[in-house]
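Worksheet for the structure shown next.
The values are calculated or read from the model by the stated rules, or taken from the named source; none is laboratory data. All values reported here derive from a predicted model rather than from experimental measurement. Heads up, the Cβs are rebuilt from the backbone with ideal geometry, glycines too, and the neighbour counts pull from every protein chain shown. These area figures cover heavy atoms from the full protein model, side chains too; ligands, DNA and RNA do not enter into them. Shrake-Rupley method; radii C 1.70, N 1.55, O 1.52, S 1.80 Å.
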Amino acid sequence: MAERAHQTGFFTRWNQARRADGLALRRALPDRLLPLLVAAMAVLAALALAGATGAQILSARWSSGAAAMLTVQVPDPDAPTAAKTPTTPLTRSDAVLAALADTPGAARVHRLDKAELDALLAPWLGRDNDFALTLPAIIELHLATGPIEDAGALARRLAAIAPGTLVERNAEWGARLGRLADSLHSCALLAVAIVAGIAVVLIMATTRAGLAARRMPIELIHAMGATDGYIAGRFARRTALLAFIGGLAGSVLALPLLVLLSHVAAPFATAAPLPPSAAMAAADWATRAHMLLDTLPPPLVATLLALAPAAALIGWLTTQATVRAWLRTLP
Amino acid sequence: MIRLRDVGFRYDAPGASGASAPIALRQISFAVPQGGFRWLLGPSGAGKSSLLRLLALGARPTAGTLEILGSNIGHASRAALARLRRRIGIVHQDFRLLPDLPVFDNIALPLRLQRRPEDEVRDEVHAILDWVGLASRATALPPQLSGGEQQRVAIARAVIHRPALMLADEPTNALDELQANRLMELFRDLSGLGTTILVATHNESLIRRYPAHELELAQGRLVRDG
């Protein structure tokens, strides 16, 4: 206890000594404007990072998911196949299923059942339709080893078994969507870089204003032997603290927006959907917060948590550089 | 000790550079041994403040060689200059007290920049406040003090860390004769302890009362050393 009291006393005196060097940083760098502006920057950065993360997830999903699947349409699926079979005659769809199962790299071959077909067509034709025309069989070929090497050869082989069979090469549009998602990802990262750049300029201007406001005490303690590192460190610690507070506030402000965005994007990505409102209402605040956070993709949660430390680091580095450059004007 | 060899100094005037910049000092050469005391004399504009500025490491000479406390200032790094500055005490003509710091903290500045323990700072500051007769004004802010009190605070701040080099520009301007005499006694004591001291003044009666080696400047040149 005595040691703790001694430590408290030491740190109190140490802080008092640091405050009493005449720099009066609370006046040089006021504690309202900078955190407010950094908070606004942090919200923008969080939104841009959300965009970047979302685009990255979509890119990965579209590129790998679509590339690893072929969709095959077999018209008139129940007609007998044109191919010669050693035993009982096969239908066209069964023959295509068998051929696909033998395809090198095939992980799973799945023919959509009626319910799945109805769900697929529902957006265009509505539900509960009883079609007079025979629908083609839709078969999904899931590949274990990425895109098939020669989709054209496969299409020709299937056409020989069941003429008129179409092979949709998902890899092509998947790759296009992947490139689009990559572009969006790059744009989002560029937006983050621009926001960071604006933050640097803002902190630089604020620091310069602070230096101008405290020129006399800085010159005095410099003349008494204060090093550039000491003066720059005092300013940088203050700016880092203010930027951290701003970054933290911005992250908290951005959180509801990000949860909402994740909820909207959930069907297209791997994030969990928003929990039902009844379950939310029944939970206590900690569980509710946990449920909401679960809807965010882990990389986004990580970047969100890194926002305040990143703001502090940008503030510290920018102020160090600005103050040291300014001090170079002194002998 | 300090040593100057053909030291020259030009100010960086706006719009002037190189040879067209105004010359403040020309070919100044003298030396002061450790513990030496010098009066620095000369009319206004003779270059006394410029010389004190160079000696206080507020600028580097534009010509010649300047050695302070064993370091060649022309070649010293910024970190080395900072270390040297901590061994110099300065009494400015305009006091240069920080208006928003209490008297105690103004005086404690040199010790805190040397990272002395806070207990030691407190003891040293209270001792010197007693010596300058301002013990009751420790918590006052400089604008609340008279000119003489401010000058005593400036003197206390300049000597509290027992500097190796003491520079004073008109340190007795705002002091009465008794206070001025006490200050000169302090300078004498410091000099005896090894502090090198230069005092710029126009106070002829003070010079008569405390005769010492004189350096006289005129138009930026050293015209007398003796």
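Regarding the range A:216-223, can at least one residue be identified that is on the phi > 0 side of the Ramachandran plot, out of contact with any strand residue (DSSP E or B) (no Cβ under 6 Å at 6 or more places or on another chain) and at the interface with another protein chain (Cβ under 8 Å from one of its Cβ atoms)? First the steps, then the outcome.
Keep residues of the range A:216-223 that are on the phi > 0 side of the Ramachandran plot, which gives none.
No.
Answer yes or no: is there a residue in the range B:36-53 that is at the interface with chain A (Cβ under 10 Å from one of its Cβ atoms), surrounded by 14 or more Cβ atoms within 10 Å (Cβ to Cβ), aliphatic (A, V, I, L, M) and under 27 Å from B:Arg152 (Cβ atoms). Lay out the reasoning, then the answer.
First, pick out the residues of the range B:36-53 that are at the interface with chain A (Cβ under 10 Å from one of its Cβ atoms): B:53.
From what's left, surrounded by 14 or more Cβ atoms within 10 Å (Cβ to Cβ): B:53.
If we keep only those that are aliphatic (A, V, I, L, M) too, we end up with none.
No, every residue in the range B:36-53 fails to be at the interface with chain A (Cβ under 10 Å from one of its Cβ atoms), surrounded by 14 or more Cβ atoms within 10 Å (Cβ to Cβ), aliphatic (A, V, I, L, M) and under 27 Å from B:Arg152 (Cβ atoms).
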- line: Residue count, the range B:117-137, condition surrounded by fewer than 16 Cβ atoms within 10 Å (Cβ to Cβ) and within 14 Å of chain A (Cβ to nearest Cβ), comes to 5
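Based on what the data block shows, is B:Glu120 acidic (Asp, Glu) and assigned to a helix (DSSP H, G or I)? If you could, list the steps in order and put the result at the bottom.
Values: acidic (Asp, Glu): yes; assigned to a helix (DSSP H, G or I): yes.
Spelling it out, B:Glu120 is indeed acidic (Asp, Glu) and assigned to a helix (DSSP H, G or I).
Can you say whether A:Pro123 is more than 28 Å from A:Ile314 (Cα to Cα), open to solvent by 30 Å² or more (accessible area, probe 1.4 Å), modelled with pLDDT under 85 and in a helix (DSSP H, G or I), as far as the supplied structure shows? Can you show your working first?
Numbers: more than 28 Å from A:Ile314 (Cα to Cα): yes; open to solvent by 30 Å² or more (accessible area, probe 1.4 Å): yes; modelled with pLDDT under 85: yes; in a helix (DSSP H, G or I): yes.
Judged against the criteria, A:Pro123 is a match.
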Failed criterion for B:Asp6 (all others in (1) under 16 Å from the mean Cα position of the chain (by Cα); (2) farther than 25 Å from A:Arg328 by Cβ; (3) at pLDDT 90 or above hold): (1)
- request: Mind listing whichever residues of the range B:54-74 are within 23 Å of B:Phe187 (Cα to Cα) and within 10 Å of chain A (Cβ to nearest Cβ)?
  value: B:Leu54, B:Ala56, B:Leu57, B:Gly58
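Restricting attention to the range A:224-256, which residues are within 28 Å of B:His161 (Cβ to Cβ), among the aromatic types (Phe, Trp, Tyr) and away from chain B (no Cβ under 14 Å)? If you could, list the steps in order and put the result at the bottom.
Step one: filter the range A:224-256 for residues within 28 Å of B:His161 (Cβ to Cβ), giving A:224-238.
Filter once more, so that each one left must be among the aromatic types (Phe, Trp, Tyr): A:230, A:235.
Selection gives A:Phe235 alone.
Name the helices (runs of 4 or more DSSP H) wholly inside the range A:144-260 in which the number of residues that are closer than 30 Å to A:Val301 by Cα and modelled with pLDDT of 85 or more is 1 or more.
Numbers: elements: A:151-161, A:170-213, A:215-223.
Filter on the range A:144-260 gives A:170-213.
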query: Within the group B:Arg112, B:Arg86, which residue is closer than 25 Å to A:Gly22 by Cβ and free of Cβ contacts under 8 Å to residues at least 12 places away in the same chain?
result: B:Arg112
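Residue by residue through the range B:75-93, note down the ones that are open to solvent by 40 Å² or more (accessible area, probe 1.4 Å) and within 12 Å of another protein chain (Cβ to nearest Cβ).
So in the range B:75-93, the residues open to solvent by 40 Å² or more (accessible area, probe 1.4 Å) come out as B:75, B:77-79, B:83, B:86-87, B:93.
Result: B:Ser77, B:Arg78, B:Ala79, B:Arg83, B:Arg86, B:Arg87.
Name the single residue that is nearest to the other protein chains (Cβ to nearest Cβ) among those in the range B:94-116 being of a type in the set (Lys, Arg) and on the phi < 0 side of the Ramachandran plot. Explain how you work it out, then say what you get.
Taking the range B:94-116 as the starting set, the residues that turn out to be of a type in the set (Lys, Arg) are B:96, B:112, B:115-116.
Applying the additional criterion that residues be on the phi < 0 side of the Ramachandran plot yields B:112, B:116.
Details: B:Arg112: 5, B:Arg116: 9 Å.
Checked the range B:94-116; the qualifying residue nearest to the other protein chains (Cβ to nearest Cβ) is B:Arg112.
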- prompt: Do we find that A:Arg18 is facing chain B (nearest Cβ under 9 Å), at pLDDT below 80, under 30 Å from B:Leu109 (Cα atoms) and loosely packed, with under 13 Cβ neighbours inside 10 Å in this structure?
  reply: no
